[in-house]
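J.: Below are the structure tokens for one structure; questions will follow.
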Amino acid sequence: MGWLNFFQTKTEIKHSFGRGINASLCKDEENLFNKSYEAFEKKEILNAYEYFFKSLENFSNGQSNQNVIIVKKDNKLNFEIFQGTARITGTITKENLYAEVIITKKTLANVALKRLLLERNYQLTYAYYFSDNEYIKLKLYLDNITMTPQKVFYPLREIALNSDFDKEYTKSEFPKITLEDIKHLKSMDEEELRLKYDFMQRWIDEINAKIATLPSNDNAAMQSFILLYLIFKIDYLIVPKYGIFQKSSKKITEYFSDENLTVESKNEEIRKYINELHEMNFEEFKTNFYDAKYTFNPSDKSPHEEIEIFINESLAKIRWYKNNRYNQVIPTMYKYVALYLLYNYGLHPVTKALLHTLVEIQNPAFFKALGYDTLYNEQEATFSKKAIISKIEDIISPYQSRYKMLKPFGDKLNFTSLNEFSNSFYLQLKNLDFEEI
């Protein structure tokens with residue numbers, strides 16, 4: 001299996017959701033990866049890299065996204081790789097690979113940014129920051145003597161993911177510093193951004209109203225589910241960049257990592273941030289978006305056993321709230337599970353596409369506004385049963401030749417209510433069998 005197979009999706013999605021690639025790899029990805037390995041063994045270095053880069057190429061509607069561009073000239077291979085704000089450029093010879101990303105002009109960087117980037121050098125494994133006569137850059141140097149596709153994948157992934165993150169962080173934390181080499185970024189449709197802004201405002205009003213209905217005593221854990229659910233929902237469905245993304249990520253990290261704070265104080269911090277989003281006007285909101293190409297997924301692939309454990313633990317918590325008659329938080333908890341998995345785990349393409357389908361069913365108004373067919377009618381509490389069963393089959397069937405025990409499960413779902421549907425969906429999802437026979 002090629003190193004990127006698990007990023008490929010089979011569903012027809014017209015918009016970007018979440019932090020993944022949101023595109024399909026070419027059908028020959030695994031074959032190209034294997035050819036690269038064989039060429040490296042034969043010391044055919046430039047051919048090996050050419051196969052490797054072609055295995056990284058992704059597609060939308062059958063058309064190449066041009067996320068990787070290679071030009072072979074004389075005894076060199078020049079390349080470009082795109083990852084959000086980062087454009088990685090480099091040159092390969094028989095002897096070595098050199099790649100770099102421009103962050104900003106050296107004259108614009110203040111002491112705080114320079115200190116930050118120097119500290120980042122201690123956190124990186126393969127790449128490091130430096131400055132030339134004009135720019136601050138992140139660079140990578142690899143020796144090709146004993147190169148393999150695996151040995152080049154992780155260093156290139158590191159320079160791509162970290163340069164993109166650091167450029168976004170710089171834009172968020174040092175707004176007076178201008179990012180360089182971002183002409184490849186495209187502005188997004190203002191009508192779509194207005195739609196997303198309006199939905200974000202509506203969701204904030206809804207969760208504030210939901211929290212107001214909670215019992216006055218011992219409701220901190222329920223508030224946490226509701227507040228975190230909103231942050232995950234904004235991240236996955238609206239997909240903001242720059243300041244909103246940075247602050248949202250920080251709030252999530254602080255919530256799950258800071259053991260010195262009480263749950264109540266953590267909730268209060270998230271509520272303050274949500275209120276900031278609520279007060280944000282549209283003009284500021286739309287500066288947090290751009291359209292870009294992506295080559296690497298930010299999450300490592302998670303074993304399916306981890307997904308199963310999380311689902312079991314989550315359903316056990318939901319049962320506890322049901323048994324104690326805290327019914328007002330149950331719908332949110334069922335929605336929280338899918339968004340938490342999509343945010344925190346590197347998912348198999350089948351799992352990712354199935355979870356996206358569940359999110360689509362759970363948020364019909366948003367997807368209808370974006371132009372998708374409605375899979376669940378909220379007013380009548382009815383499902384588009386045939387469409388859902390067909391969609392699940394379309395997601396799973398392309399992988400059945402590889403995973404013989406992987407079976408569509410649409411006919412096993414409970415369509416009596418949205419809660420029962422979500423519960424049955426998770427039970428089927430956790431029992432997916434990805435064993436290769």
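The values are calculated or read from the model by the stated rules, or taken from the named source; none is laboratory data. The shown structure was predicted, so the numbers you read here are calculated from the model rather than taken from an experiment. All Cβ positions, glycine included, derive from the backbone under ideal geometry; neighbour counts span all protein chains shown. Just the protein is used for accessible areas: all its heavy atoms, side chains included, with ligands, DNA and RNA removed. Shrake-Rupley method; radii C 1.70, N 1.55, O 1.52, S 1.80 Å.
J.: When you scan region 339-356, how many residues do you find that are open to solvent by less than 10 Å² (accessible area, probe 1.4 Å) and either in contact with a Lys or Arg (Cβ under 7 Å, 6 or more places away or on another chain) or more than 21 Å from I234 (Cβ to Cβ) (or both)?
T.: 7
J.: Checking Y372 against (1) out of contact with any Asp or Glu (no Cβ under 9 Å at 6 or more places or on another chain); (2) surrounded by 13 or more Cβ atoms within 10 Å (Cβ to Cβ); (3) hydroxyl-bearing (S, T, Y), which single condition isn't satisfied?
T.: With (1) out of contact with any Asp or Glu (no Cβ under 9 Å at 6 or more places or on another chain); (2) surrounded by 13 or more Cβ atoms within 10 Å (Cβ to Cβ); (3) hydroxyl-bearing (S, T, Y) applied to Y372, the lone miss is (1).
J.: Testing K27 on (1) closer than 28 Å to L355 by Cβ; (2) open to solvent by less than 50 Å² (accessible area, probe 1.4 Å), one condition comes back false. Which one is that?
T.: Among (1) closer than 28 Å to L355 by Cβ; (2) open to solvent by less than 50 Å² (accessible area, probe 1.4 Å), the lone unmet condition for K27 is (2).
J.: A further question follows. With the requirement that a residue be of a type in the set (G, A, S) and without any contact (Cβ under 8 Å) to a residue 60 or more places away in the chain, what does region 75-130 give you? Even if it seems obvious, please write down each step before you answer.
T.: We begin by selecting, within region 75-130, every residue of a type in the set (G, A, S); these are 84, 86, 90, 99, 109, 112, 127.
Of everything in region 75-130, those that are of a type in the set (G, A, S) and without any contact (Cβ under 8 Å) to a residue 60 or more places away in the chain turn out to be G90, A127.
J.: State all residues of region 339-365 that are hydrophobic (A, V, I, L, M, F, W, C), out of contact with any strand residue (DSSP E or B) (no Cβ under 9 Å at 6 or more places or on another chain) and closer than 22 Å to L227 by Cα; if no residue qualifies, say none.
T.: Applying the first criterion (hydrophobic (A, V, I, L, M, F, W, C)) to region 339-365 yields 339, 341-342, 347, 350, 353-355, 358-359, 361, 365.
Now drop any that are not out of contact with any strand residue (DSSP E or B) (no Cβ under 9 Å at 6 or more places or on another chain), which leaves 339, 341-342, 350, 353-355, 358-359, 365.
Those that are hydrophobic (A, V, I, L, M, F, W, C), out of contact with any strand residue (DSSP E or B) (no Cβ under 9 Å at 6 or more places or on another chain) and closer than 22 Å to L227 by Cα: L339, L341, L342, L355, L358, V359, A365.
J.: Another question, if that's okay. Kindly establish whether K386 is farther than 24 Å from Y229 by Cβ, part of a helix (DSSP H, G or I) and open to solvent by 30 Å² or more (accessible area, probe 1.4 Å). Reasoning before the result, please.
T.: On the way: farther than 24 Å from Y229 by Cβ: yes; part of a helix (DSSP H, G or I): yes; open to solvent by 30 Å² or more (accessible area, probe 1.4 Å): yes.
Judged against the criteria, K386 is a match.
J.: Which is buried (at least 20 other Cβ atoms within 10 Å of the Cβ), over 25 Å from Y334 (Cβ atoms) and of a type outside the set (S, T, N, Q), of I238, I234, I244?
T.: Values: I238 fails: over 25 Å from Y334 (Cβ atoms); I234 fails: over 25 Å from Y334 (Cβ atoms).
From the options I238, I234, I244, the qualifying one is I244.
J.: Which residues, taken from region 272-293, are within 28 Å of Q223 (Cβ to Cβ) and open to solvent by 70 Å² or more (accessible area, probe 1.4 Å)?
T.: Matches in region 272-293: K272, E276, E279, N281, E284.
J.: Just checking: which of the strands (runs of 3 or more DSSP E) contained wholly in region 37-144 hold 2 or more residues that are open to solvent by 10 Å² or more (accessible area, probe 1.4 Å) and farther than 29 Å from G20 by Cβ? Quick ask: steps written out before the conclusion?
T.: Details: elements: 58-60, 68-73, 76-83, 86-92, 96-105, 128-131, 135-143.
Correct list: 68-73, 96-105, 128-131, 135-143.
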